[in-house]
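Below: one structure, written as structure tokens.
The values are calculated or read from the model by the stated rules, or taken from the named source; none is laboratory data. Remember, predicted model here, so these are calculated numbers, not experimental data. Note that we place each Cβ from the backbone using ideal geometry, even for glycine, and neighbour counts take in every protein chain shown. What goes into the accessible areas is simple: the full protein's heavy atoms, side chains included, and nothing from ligands, DNA or RNA. Shrake-Rupley method; radii C 1.70, N 1.55, O 1.52, S 1.80 Å.
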Amino acid sequence: MSERGTLAFYFMKRKANVHAAQESLCESIQSTINEYSADEVLNSNNSSTRASSSTSSAPTLIIQTVTDTNSDTVNGASTLEYSRAANSGGMISVEFVQRDPSRGPTFAKEFVSLGPHQPKYNYPTIEKRHFCHKWFKSYPWLEYSITNNKAYCFFCRFAYDPVKSDEIFTITGFNNWKKGIEKFNKHQSSLLHKLAHEKWTIAEKNRINNTNVLINYQDNNFLGKQCLSLRGHREHEEAENRGNFLELLQLRSSDNDIIKRKLSSLKFTDHKIQNELLISIQENITEQIVSDIKKSKYFSVMIDETTDISNHQQVSLVIRYVDDFFNVYERFLGFERTFDTTAIYIHCNGHVLNLCLIDVSSAIVPIRNNFGVIEALYNFFEGSAKRHHVFEDVQKQAGLKAIVMKRLCDTRWTCRSECLTVVLNRYSEILDALETVSNGFIMLNTIKRLDFIFHLIIMSEVYSITNILSRYLQHSSISLSGALVHVKLTIETLSALRTESKFEEFWKKTIDICEANDIDDQVKIRKRKIPAKLGGGYVIPDDFSLKDNYRVNSYFAVIEKVTAAIDNRFDENNVEIVVLCERLFLTKNLLLSDEILQLTTFYGLSYTDCKSEQLLYKTALNQQQSMNMDIKSITKFFLQKSFHLALPTMNELLRILWTIPVNVCECERSFSCLRRLKTYLRSTMDQERLSALALVHIERDIIIDIDKIVEKFVRKNDTRKTQFSY
């Protein structure tokens, strides 16, 4: 066999259970191509097709195994597709090889939606005659097999009956091209053909109607996006409330004739079918996300763990990536139940800030006690509708807008700023409300103290400052260097509070509130003795006043503790290689050769290219007189100068820099979805359904391909293929 007659087959991940008929068909196609001197075929590993450079007039067939998870299988055989390279070098796509009519009439029903198999082909000549492509237009039912070079009738194959069928146009095939038009006309006017055409017409109409019904069952998608339950407690016909899915379907049938006609006969409303459709929607969304991630090249994985209402540990998985124009995407992929969360990880910066505030609350006893009192105060007023009403009335009588007590958040400590602000701004009204209710005496004596007021004021100030940093750290488009800049600014702001003048300001405010509410609580401080064996005496000097005690042991202690905690904990997240990458873009000074080598070696990039590109980039950057040296401004400058095209190595580094996450707030947001989704009434939901519904709800902006989902759903078993005439 000549080199030009060679056909290269490259099967990727071929399944072991390939159907024998499939192999026979492949051999037949190979034989056909060799006979007519096909051009050499090049099939690369990435399944890309290239037109042959040969000048031969014979066709070039490129055959590949489709091993994608979305590929269909027919009778256990892998789906093959083939394309033909025309003489002009263009590529004309043809449908699946399984549609070849030579396989027999039984396969025709599987491809009703695709219609007759009519490939555009360089038809071989037999006895100076060949098949004419224009016959497809004159006879729409006509099919052609490139395996045996014969014609068939699609309608008759579809409605095949061993007793009442034309064997030539269903089994053996027709290739007497000299009498082609004569035989085609005769067959087309035959009774058997007309009956077959009628059966096909009815089946196609039913397929369209049934498919439309299934498409209209996208109520699953709607309810999933709205985070609403699908099923009801009782779903039988006599039930008053059959659940959101069935009730919504019933409502839509009132103005949708197709659903109304088919609802009683073609339901597909069982919970197992609902799960299957939800999984199909989930897979469709995931495929789009994975496709975008592959295009992006770089991605980072963010995970966080929480416990759901069933006391199961749920791990949220989020992928972060950027597109060619450095737009940041954080996509949720699902929940996974886990039994062990032991891992090496880097804290989210938002969590780091929470840990800093936890350190302060646990280390300084008065602060810890104050938060306990505030939590009890919330439970006192909000735990009773009567007490809540009294608190609202007191505020209205004072001419103020009625606001409610805020609950202390266990996970977002900086949200406690709102709670502290409410208590501080409504302190007098809280006292009046406690005096009004019958059982508020103990709580009244607890908060009507100088100690409570002073610590409330200083912690309100500290939390209001750190809350600004917390909100900034929740953005997905910030860089690590930008986060560290704001951390440093927060530390400097808190450190500026550690002065005598600031303390006097807070102390005066405390005394003013005490005087306005008739609080006289300036008792003498208790002095602790030193044991005689250690020298005796007192821990606190004799001239140490109550004011001095609050200044040293409370005010200064809080400021020092919170600044030290923020400084130390954020320093742990200072990843050297990331900071080095940011210095490359965010400073006008050149990196040293060793630093460039460290950076390029770590990410597997070219040292020489990066070194040269840095010179060009820094030169352009130094020419800018006034520009903010933050990641957003630099990226805008990078795109304006078209450096994403001119500097490929630095473009890769900038993509990596944007891909590195600073927080896992998207995971936290998915936990909010989990609380809405898995409630007390839905606590027995299985993991697969939970993850699918969460994905549909969170990634609601992704447009799903309903037609593709329906086709995949129908092709999953033979019963559906028959019912939907696929």
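Only Lys, Arg, Asp and Glu carry charge here, each on its Cβ (+1 for the first two, -1 for the last two); on that basis the stretch 94-189 has a dipole of about 360 debye about its Cα centre. Computing Rg and the Kirkwood Rh from the Cα coordinates of the stretch 576-659 gives a ratio, Rg/Rh, of 0.92.
Size of the dipole of the stretch 349-573 about the Cα centre, Lys and Arg at +1 and Asp and Glu at -1 on the beta carbon, nothing else charged, in debye to 20?
Around 440 debye, computed over the stretch 349-573.
Using a probe of 1.4 angstrom and keeping all protein chains present, the accessible surface of the stretch 576-659 works out to 50 square angstrom per residue. Straight Cα distances below 19 angstrom link residue 260 to the lysines 205, with same-chain residues fewer than 8 positions distant left out. Annotation for residue 125 and residue 113: the two label points, set 7 Å from Cα along the Cα-Cβ direction, are 4.2 nm apart. Amide H contacts of residue 150: 145, each under 5 Å away and 5 or more positions distant or on a separate chain (H built 1.01 Å from N in the peptide plane; Pro and chain starts excluded). Largest first and in whole Å, the equivalent-ellipsoid semi-axes of the stretch 597-716 read 45, 19, 15, each the square root of five times a Cα gyration tensor eigenvalue. In this structure the stretch 94-189 gives 48 Å² per residue of accessible area when probed at 1.4 Å with all protein chains present.
Within 12 Å, Cβ to Cβ, of residue 161, how many net charges do the neighbouring residues add up to if Lys/Arg are +1 and Asp/Glu are -1? Residues near residue 161 contribute +1 overall. Ranked from largest, the principal axis spans of the Cα set of the stretch 94-189 equal 34, 29, 21 Å.
How about the stretch 109-195: which GluC sites (Glu not before Pro) there lie in a loop by DSSP and see at most 15 other Cβ atoms within 10 Å? Provide the component values of the computation, followed by the final result.
Details: sites: 110, 127, 143, 167, 182; in loops: 127.
Of the GluC sites (Glu not before Pro), the ones in loops of the stretch 109-195 whose Cβ has at most 15 other Cβ atoms within 10 Å are 127.
In straight-distance terms, cross-link reach from residue 636 covers every one of the aspartates and glutamates whose alpha-carbon lies under 16 Å from its own, apart from those fewer than eight places away in the same chain; here that gives 323, 324, 582, 652. Straight-line cross-link reach from residue 508 at under 20 Å between alpha-carbon atoms covers these aspartates and glutamates, not counting any fewer than eight positions away in the same chain: 451, 461, 500, 518, 520, 521, 548.
In order along the stretch 372-384, the phi-based Karplus estimate (6.51 cos²θ - 1.76 cosθ + 1.60, θ = phi - 60°) of 3J(HN,Hα) comes to x, 5, 5, 5, 5, 5, 4, 4, 5, 7, 7, x, 9 Hz; Gly and Pro are listed as x. When restricted to Cα atoms, the stretch 349-573 yields an Rg and a Dmax of 19.4, 62 Å, respectively. Other residues whose C-beta falls under 12 angstrom from the C-beta of residue 678 contribute a net charge of +3, scoring Lys and Arg +1 and Asp and Glu -1.
Peptides 403-409, 251-257 ranked from most to least packed, by the mean per-residue count of other Cβ atoms within 10 Å: 403-409, 251-257. Of the heavy-atom accessible surface of the stretch 354-486 (probe 1.4 angstrom), what whole percent is carbon and sulfur? Summing carbon and sulfur atoms, their accessible area is 53 percent of the total for the stretch 354-486.
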